[in-house]
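The values are calculated or read from the model by the stated rules, or taken from the named source; none is laboratory data. What you see is a predicted model; the values in this text were computed from it and never measured. All Cβ positions, glycine included, derive from the backbone under ideal geometry; neighbour counts span all protein chains shown. Surface accessibility is based on the protein's heavy atoms, side chains included, excluding ligands, DNA and RNA. Shrake-Rupley method; radii C 1.70, N 1.55, O 1.52, S 1.80 Å.
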Amino acid sequence: MIQYRFGVEGDLTAPSDDRLTVGDPRVIDFLSKLARKLLAPAVARRHPELGSLGFFLRPAELHRTVEHMRSRDALVFPRGNVFHIPPANVDTIFVYSWALSALAGNHNVVRISERSATAADTILTALNEVLADADPVIARTQRMITYGRDDKVTAALSQWADLRVIWGGDSAVEAIRKHPLRPSARDLTFPDRTSWAALSADGWRAADPAKRRAAVLGFTNDSYWFDQAACSSPRTVFLVGENTDDVRAEFVELLLSMVGERGWEIDAAMAVEKRVNAYGMAATGAISAMEFPANSVTAMSLITVPDAPRRWIGAGAFPFAEVGSLLELVPAMNRQDQTFSHFGFTSEQLREFALALGGRGVDRIVPFGQALTFGSIWDGYDLPREFTRLTTLVE
Amino acid sequence: MSVFTLPQAAKEEVLLKELSALTEHHRENCEPYSRILAASGYEPATSVAQLPWLPVRLFKNLELKSIPDDEVYKVLTSSGTTGAEVSKIYLDKAAAAEQTRKLGATVQTVLGPKRLPMILVDTKAMLKDRKSFSARGAGVLGMSNFGRNHVWALDNEGHVDVEALRGFLEQYGDEPFLIFGFTYLVWLHLYEVAKDNGLDLSNGILIHSGGWKKLVDQAVSPEEFRNRLAGVGLTKVHNYYGMIEQIGTIFLEGPNGGSLYCPDFADVVIRDPETWAEQPVGKPGLIEVISTLPTSYPGHVLLTEDLGVVHGVDDGDWPGKRFSVLGRLPRAEARGCSDTYREAA
């Protein structure tokens with residue numbers, strides 16, 4: 001049973017005469033109007049994450065992205081048919097993924113999870129409102145659907161697609177890959193990721209109280225927005241420097257007060273989850289100390305950097321480890337590692353770290369507060385380029 | 001003879017001493033446990049509520065035992081309610097014998113010292129099913145030791161064997177007899193059948209356990225369960241609460257119903273899931289179960305994922321705390337982007 005959430009109903013895989021171009025004005029017009037709806041104060045208040053999405057879809061931003069799709073060496077065209085399988089519970093990813101692909105002129109089918117939350121419903125309402133006045137080509141070429149346990153639909157859309165975009169971790173990628181693509185098509189996959197935070201003790205000590213507060217506020221948003229389970233949410237915090245106990249103590253104290261001020265609540269089940277995981281890490285010798293100053297914050301002392309957990313261990317669960325320099329972290333980083341958020345480092349230190357990593361791990365190095373900010377370069381992919389194809393012409 | 005004798009203050013004095021010693025014992029003999037205590041900044045307790053507790057789910061994730069491998073006499077496993085996880089509980093000979101002895105002493109409080117003729121509200125076929133055997137089978141087998149001349153209420157296909165029940169009641173129905181079964185099976189297969197066939201269960205003593213969820217779904221509350229059973233003459237009814245991770249310890253419903261009681265060697269603490277402090281009487285929270293029986297594994301103080309409330313202290317059928325189980329705490333779920341496309345998996 002297919003439920004149509006956006007776009008015209010009908011055979012999703014039928015050949016179409018509609019043609020969009022890279023940066024098609026009809027798509028830009030549609031997305032700009034959508035941005036205005038999402039940036040409306042009432043919406044942004046209820047779902048702050050939709051505000052960031054609206055910002056991403058402003059006309060100036062869209063034109064910049066289209067400009068980025070151009071090539072000096074070739075003619076740029078839409079890739080063709082794109083089948084998106086976004087994650088169930090990060091409500092905005094499906095729009096980012098779809099909007100970039102639509103901007104590239106593709107025909108899109110987006111599978112919206114049955115378990116999608118209220119922010120997703122708000123977005124779908126906004127999409128349909130804008131659709132009412134949009135060029136009908138949008139409804140014919142852009143479809144969003146929900147369907148349950150139906151491998152046949154997944155199989156048919158996989159055969160239809162020139163590009164299949166799979167979000168949602170290793171098991172999602174493995175499950176979807178059981179359905180073959182056409183030989184010319186390919187997958188764009190977003191498997192399980194881990195993200196980290198690093199705090200320079202010297203930088204912290206040099207910062208004034210307002211800067212420290214701002215840093216912790218940014219870190220709080222990065223960590224608590226999706227229960228610390230978004231792939232770019234920081235998990236372990238590396239304290240870089242020497243004798244960092246005072247830095248950690250002040251950081252945790254500010255974190256506690258900030259979480260309280262912002263009203264982030266941790267329910268009993270999450271508090272138990274964190275105990276189970278922290279006790280488990282203590283039992284296996286990964287941590288030497290654990291503190292539970294409040295349900296919102298669990299602080300642990302890692303014994304060694306390689307013991308830093310790569311799996312989710314609960315909302316507001318932070319293993320800490322002290323290292324002498326960012327370079328000491330390099331051997332511990334791998335391909336699974338995505339976002340590395342930082343505070344208090346110099347540009348030179350960060351660049352030196354990035355160069356030492358040499359692309360073997362870590363895709364994004366961003367300041368505290370920007371871990372969840374989606375960019376069109378994500379997980380090491382230049383998405384606008386992934387959504388287009390190139391034709392060379394020698395005259 | 002009863003194991004429900006100690007008023008709360010006297011009990012806590014005994015338990016604090018024994019459990020502090022057990023904590024030391026496990027600390028010396030179970031390395032993961034000792035690491036946990038060290039990491040949490042363990043200091044000796046000055047009250048029962050201060051004793052260091054372990055989340056019960058740890059027994060699903062870790063191998064926790066305080067005996068050498070060659071002294072493991074029995075490994076008990078729970079049925080995993082969440083995925084493939086099962087608890088593993090390691091017993092040596094002494095612990096296995098002691099848990100049987102203490103379970104016996106507890107049920108004899110309501111059964112008397114003699115073995116009674118017994119109805120098992122279950123099917124013998126279940127014992128052959130290795131999958132369900134671990135939890136349900138172990139419960140039935142364990143309890144069957146306290147009866148004699150057993151009759152199974154359900155045949156091998158799981159249908160009620162009315163003839164067998166009639167035969168049993170003709171032979172033993174005039175004297176006290178024991179009935180044991182899981183709560184929803186008793187409701188579905190004994191109560192209904194007794195009502196429809198006019199079976200006289202008035203000399204029965206029912207001991208039952210198991211989650212109330214299936215009954216709550218049918219809108220049957222513990223009070224209604226008791227009242228309706230009284231309608232078929234069954235007035236001696238004892239619910240109990242227990243878990244494989246504290247095998248041998250059961251918290252038993254008193255003769256007047258409404259509350260569970262702690263045997264002399266066990267206790268409960270209700271914890272506020274926000275502050276983790278002990279809740280006062282009447283305030284619900286997470287149930288911590290405490291028992292002196294776990295000597296071969298560090299399961300003497302466990303924080304469950306069940307919610308409960310203490311109704312009163314030293315003011316009921318038996319001395320000590322009396323409490324109710326309110327249901328399970330829902331599991332925590334991450335809303336992350338590694339949240340998989342489960343439908344297709």
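State which residue pairs qualify: first residue free of Cβ contacts under 8 Å to residues at least 24 places away in the same chain and inside the stretch A:261-289, second residue among the hydroxyl-bearing types (Ser, Thr, Tyr) and assigned to a loop (DSSP other than H, G, I, E, B) in any location, beta carbons under 6 Å apart, and separation of 6 or more residues or different chains.
none
I need a count of the residues in the stretch B:257-276 that are touching a residue at least 12 places away in the same chain (Cβ under 8 Å) and either over 27 Å from B:ARG226 (Cα atoms) or of a type in the set (A, V, I, L, M) (or both).
Residues of the stretch B:257-276 that are touching a residue at least 12 places away in the same chain (Cβ under 8 Å), as a first pass: B:257-273.
If we keep only those that are either over 27 Å from B:ARG226 (Cα atoms) or of a type in the set (A, V, I, L, M) (or both) as well, we get B:260, B:265-266, B:268-273.
Residues that pass the stated criteria total 9.
Taking A:ASP18 as meeting all but one of (1) among the acidic types (Asp, Glu); (2) more than 14 Å from chain B (Cβ to nearest Cβ); (3) part of a helix (DSSP H, G or I), write down the number of the exception.
A:ASP18 satisfies every listed condition except (3).
Which pairs have Cβ atoms under 9 Å, sit 6 or more apart or on different chains, and link a residue in the stretch A:245-259 that is free of Cβ contacts under 8 Å to residues at least 12 places away in the same chain and open to solvent by less than 30 Å² (accessible area, probe 1.4 Å) to one that is outside any helix (DSSP H, G or I) and among the hydrophobic types (A, V, I, L, M, F, W, C)?
none
A:VAL153 fails exactly one of the following numbered conditions: (1) touching a strand residue (DSSP E or B) at 6+ places or on another chain (Cβ under 9 Å); (2) hydrophobic (A, V, I, L, M, F, W, C); (3) crowded, with 22+ Cβ neighbours inside 10 Å. What is the number of that condition?
A:VAL153 satisfies every listed condition except (3).
Failed condition for B:PHE59, given (1) within 14 Å of chain A (Cβ to nearest Cβ); (2) in contact with an Asp or Glu (Cβ under 8 Å, 6 or more places away or on another chain); (3) outside any helix (DSSP H, G or I); (4) not aliphatic (A, V, I, L, M), with all others met?
Looking at each condition in turn, B:PHE59 falls short on (3).
Which one of A:GLY105, A:GLY80 is in contact (Cβ under 8 Å) with a residue 60 or more places away in the chain, under 18 Å from A:ASP18 (Cβ atoms), in contact with a Pro (Cβ under 7 Å, 6 or more places away or on another chain) and assigned by the TED database to the domain that holds A:ALA14?
On inspection, the qualifying residue turns out to be A:GLY105.
Taking the options A:ALA210, A:ALA230, A:ALA249, name whichever one is out of contact with any Gly (no Cβ under 8 Å at 6 or more places or on another chain) and either within 14 Å of another protein chain (Cβ to nearest Cβ) or under 18 Å from A:MET300 (Cβ atoms) (or both).
On the way: A:ALA210 fails: either within 14 Å of another protein chain (Cβ to nearest Cβ) or under 18 Å from A:MET300 (Cβ atoms) (or both); A:ALA230 fails: out of contact with any Gly (no Cβ under 8 Å at 6 or more places or on another chain).
Just one listed residue meets the conditions, A:ALA249.
Filtering the stretch B:44-56 down to residues that are farther than 14 Å from B:TYR297 by Cβ and either open to solvent by less than 20 Å² (accessible area, probe 1.4 Å) or of a type in the set (Lys, Arg) (or both), which residue is farthest from the other protein chains (Cβ to nearest Cβ)?
B:VAL48
Would you be able to tell me the number of residues in the stretch A:132-150 that are open to solvent by 10 Å² or more (accessible area, probe 1.4 Å) and away from chain B (no Cβ under 13 Å)?
Here the count works out to 8.
A quick yes/no check of all residues on (1) open to solvent by 10 Å² or more (accessible area, probe 1.4 Å); (2) of a type in the set (D, E, K, R); (3) within 21 Å of A:ARG385 (Cα to Cα):
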| position | (1), (2), (3) |
| --- | --- |
| A:VAL8 | yes, no, no |
| A:ARG19 | yes, yes, yes |
| A:ARG36 | yes, yes, no |
| A:LEU53 | no, no, yes |
| A:LEU103 | no, no, yes |
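Can you tell me which residues in the stretch B:19-36 are within 19 Å of B:VAL289 (Cβ to Cβ) and surrounded by 13 or more Cβ atoms within 10 Å (Cβ to Cβ)? Walk me through it before giving the result.
Taking the stretch B:19-36 as the starting set, the residues that turn out to be within 19 Å of B:VAL289 (Cβ to Cβ) are B:19-23, B:25-26, B:30, B:33, B:36.
Across the stretch B:19-36, the qualifying residues are B:LEU19, B:SER20, B:LEU22, B:THR23, B:HIS25, B:HIS26, B:CYS30, B:TYR33, B:ILE36.
Taking the condition in contact with a Leu (Cβ under 7 Å, 6 or more places away or on another chain) and either open to solvent by less than 60 Å² (accessible area, probe 1.4 Å) or away from chain A (no Cβ under 11 Å) (or both), does B:LYS93 pass? Let's see the steps before the verdict.
Working: in contact with a Leu (Cβ under 7 Å, 6 or more places away or on another chain): no; either open to solvent by less than 60 Å² (accessible area, probe 1.4 Å) or away from chain A (no Cβ under 11 Å) (or both): yes.
Answer is no for this residue.
Considering only residues that are facing another protein chain (nearest Cβ under 8 Å) and open to solvent by less than 20 Å² (accessible area, probe 1.4 Å), which ones fall in the stretch A:167-192?
Of everything in the stretch A:167-192, those that are facing another protein chain (nearest Cβ under 8 Å) and open to solvent by less than 20 Å² (accessible area, probe 1.4 Å) turn out to be A:TRP167, A:GLY168, A:GLY169, A:ALA172, A:ALA175, A:ILE176, A:PHE190.
From (1) assigned to a loop (DSSP other than H, G, I, E, B); (2) outside the structural domain of B:LEU15 (by the TED database), pick out the condition that doesn't hold for B:ASN239.
So the condition that B:ASN239 fails would be (1).
Which one of the conditions (1) surrounded by 15 or more Cβ atoms within 10 Å (Cβ to Cβ); (2) over 30 Å from B:MET126 (Cα atoms); (3) within 13 Å of another protein chain (Cβ to nearest Cβ) does B:GLY41 fail to meet, given that it meets all the rest?
(1)
Tell me the strands (runs of 3 or more DSSP E) entirely within the stretch A:296-395 that contain at least 2 residues that are open to solvent by 60 Å² or more (accessible area, probe 1.4 Å) and touching a residue at least 24 places away in the same chain (Cβ under 8 Å).
Hits in the stretch A:296-395: A:388-391.
How do the strands (runs of 3 or more DSSP E) wholly within the stretch B:242-296 filter down when requiring 2 or more residues that are closer than 26 Å to B:TYR33 by Cα and small (Gly, Ala, Ser): which remain? Explain how you work it out, then say what you get.
On the way: elements: B:251-253, B:266-271, B:285-291.
Fully inside the stretch B:242-296 and qualifying: B:285-291.
Here is a yes/no grid of residues against (1) at pLDDT 95 or above; (2) under 17 Å from the mean Cα position of the chain (by Cα); (3) buried (at least 20 other Cβ atoms within 10 Å of the Cβ); (4) more than 12 Å from chain A (Cβ to nearest Cβ):
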{"site": "B:TYR261", "(1), (2), (3), (4)": "yes, yes, yes, yes"}
{"site": "B:GLY285", "(1), (2), (3), (4)": "yes, no, yes, no"}
{"site": "B:HIS311", "(1), (2), (3), (4)": "yes, no, no, yes"}
{"site": "B:CYS337", "(1), (2), (3), (4)": "no, no, yes, no"}
